[in-house]
Amino acid sequence: MLENYFPILVFLAMAIGMAVVMQVLSFLLGPRKPDAKKVTQYECGFSPLSAVRIPFDVRFYLIAILFVVFDIEAAFLFPWAVAFKQLGMIGFVEMILFLLVLLVGYAYVWKKGALEWD
Amino acid sequence: MVADLVFYLFAAVTVAAALGVITSRNQVHSVLFLILAFFTTAGLFVLLKAEFLAALLVIVYMGAVAVLFLFVVMMLDVDFESLRAGVKEHLPMGLFVGAVILAEFAFILSGVHVDEAVQTNAANIPNTQLIGQVLYTKYLFPFEIASLVLLVALIGAVVLTLRKRKDAKRQHIPSQIARTRDEAVELVKVAPGQGA
């Protein structure tokens, strides 16, 4: 079974190797003449006005957490689908229950307007 | 042989990345190290022939949880200097919390047991199917509880973070479509020289 993953290993090694080689080559060969202007943060040509790290809007967080919840819901569906024949009717009913509970959450989120940006 | 080599590689990178998470000064770097640790752990799962868990780690943890962490790190306006200054005062509390987590890990590991059905069939049934057969029969109750936990997370997130802007202009599609020419356009006859 592990042999099937050998191409992925080769791919991974190539990707990492390529990235490292390019970084190292540009580090070794590239000319570096830093001065104060060059190493400051670039902000559209004028001197930086403030720190670059500004806090995110909390709404991004809401979108992300909704994504996590439904991602996990989908993850639970995979082993269920694969073992569907062995589980039979009981498995079907319990998954419906599981989905119903999350459907309540989905309806709540939709009703509250959390799926819309404003 | 190759598998052993890959195992040691992944294990070493996992440990190094985990150390990076707790030692790097910049929290964003910490999260990136965490993603690396997740990824190499997924590699270890593949070596253990637990492909489903590996896929889960990549999809859920790297794709969703790490992004969430990144958002939190970006959202909290943490002042690095003041954080560094309080290390001595916070050390006892940090050690205490760390000890509690370590004790919990030890407790879980001491009571770990492999399900017999899984153990006997592990060789000839694909692991995803095996997980399904155990999760939805023997561990049915925790599975259904998980849905409630997810529901609580959903509602909690909405309650905590949802702010409706009152001043924002929104679309109201039904009324926009229901507009007719008569109410939207007014034709005015203007006499020459009277337009102003």
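The values are calculated or read from the model by the stated rules, or taken from the named source; none is laboratory data. Note that the coordinates shown come from a computational prediction; the quantities given were computed from them, not determined experimentally. Cβ: placed from backbone, ideal geometry, glycine included. Neighbour counts: every protein chain shown. Side chains are part of the model used for accessible areas, which takes the heavy atoms of the whole protein and leaves out ligands, DNA and RNA. Shrake-Rupley method; radii C 1.70, N 1.55, O 1.52, S 1.80 Å.
What to note about this one:
- In the range A:34-48, the qualifying residues are those that are at pLDDT 70 or above and part of a loop (DSSP other than H, G, I, E, B), and the one that is nearest to the other protein chains (Cβ to nearest Cβ) is A:41.
- The set of residues in the range A:81-106 that are open to solvent by 40 Å² or more (accessible area, probe 1.4 Å) and either polar (S, T, N, Q) or facing another protein chain (nearest Cβ under 7 Å) (or both) comprises A:82, A:86, A:97, A:104.
- Helices (runs of 4 or more DSSP H) (entirely within the range B:93-187) containing at least 3 residues that are within 30 Å of residue A:106 (Cα to Cα): B:127-135, B:140-161, B:173-178
- Residue satisfying condition, being within 9 Å of chain A (Cβ to nearest Cβ) and not basic (Lys, Arg), within set B:123, B:153, B:103: B:153
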